[in-house]
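The structure appears below as C-alpha cells.
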Amino acid sequence: MQKPPVLAIDLDGTLIETAPDLMGTLNVILEREGLAPVSLKQVRGMVGQGAKIMLQRGFAAHGETLEGARLETLFEAFLEHYAEHIAVESHPFPGVVEALEGFRAEGWKLAVCTNKLEALTRRLLDELDLTRLFDAIGGPDTFGVRKPDPQHLIKTIEAAGGEATNAIMVGDSAADINAAKNAAVPVVAVDFGYTDIPVAELGPDRIISHFDELAGAVSELRGAMTAG
C-alpha cells in the first residue's frame, strides 16, 4: 500500500512570523551584557540555524565572539526567557491555516521540520492552536541532526508516515533548500522569510509569495514528479 504524500514545512519565517519575539529575547540578553539592541531587519537575517547560532550572530553584530562557557550560560538564559515570551507577537503568516487545512482534506500528512528545539516548537504551535494540523514535528534534537543534513528532513517525513520519494519541502532559507536538495525532495521557497540570501539565488523548484499560491506550486511539482 502506497504511503500518503507528506508536506514538510519549516517553522520560523515560513509558517510563523517569529522574528519579533526572537528579537525581544535576543535584545534582553544583549542589554544584560551591555550591548545595544539589534533591529528586526538584522534578526530576520540571523534566524534559520537555531537559537544558539542566532545568539552568536547577535554578538557578532557588535564585533564580539561568543563561545565556550559564556555561550552556554547565555544560551540557557535565552531559552528560559524565550519560552516564557514565545507567542507575544508571533503569528502564522497569512493563508497558512487555510492552506494546510486544504492539504489535510486532500489526504496529505503534514510535518514541521525545523532547527528550533522540539519543545519550543511544540510550545509555540500549542500557543497558536496549530499543533492539531501536524502529524510529526522534527527539531534538531528530535533525531540528533539538523538541516541542511538530509536526514533531518527524511526522518521527519518518515515520522509523519511517508517517505522522501513522495514528499515536498517548504522553506525560506539555504538550510531548508539544501536539506531538500540533499534528500532529493522537491522544494518550494517562500520569498517573505528569514534569509540573508535571496531565495531565488538558492535554486528552489518553485517560489511563492503567499500561502494561497502553495497548492498550485505543489500541484505543478507533483505533475513533474509523476512525469519524471
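Structure above, values below:
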| read-out | value |
| --- | --- |
| Over the chain: helical MRE at 222 nm, DSSP H runs n ≥ 4 each giving -39500 (n - 2.57), nearest 500 | -13500 deg cm²/dmol |
| Cross-link table K52/K147; K52/K155; K3/K109; K3/K147; K41/K155, entries beyond 21 Å C-alpha to C-alpha | K52/K155; K3/K147; K41/K155 |
| For peptides 89-96, 204-211, 31-38, sequence by mean Cβ density within 10 Å, most packed first | 204-211, 89-96, 31-38 |
| 13 Å beta-carbon shell around F134, net charge (K/R +1, D/E -1) | -2 |
| Proximal charge balance of A224 [Cβ under 12 Å; K/R count +1, D/E count -1] | 0 |
| Ranked by how many other beta carbons lie within 10 Å on average, peptides 159-166, 81-88 from highest | 159-166, 81-88 |
| For peptides 70-78, 8-16, sequence by mean Cβ density within 10 Å, most packed first | 8-16, 70-78 |
| The chain: translational diffusion in µm²/s, Stokes-Einstein, Kirkwood Rh over Cα pairs, 25 °C, 0.890 mPa s | 138 |
| Inter-centroid distance (Cα atoms) of region 181-228 relative to region 24-51, Å | 29 |
| Rg over Rh, two decimals, region 19-84 (C-alpha only, Kirkwood Rh) | 0.90 |
| Linear extension gain, D191 paired with A215, 0.36 nm per residue minus alpha-carbon span | 7.1 nm |
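Every read-out reported here was derived from the displayed coordinates using simple, explicitly stated rules and does not represent laboratory data. Model, not experiment: these values are computed from the prediction. Positions of Cβ are generated from backbone atoms using ideal geometry, with glycine treated the same way; all protein chains shown enter the neighbour counts.
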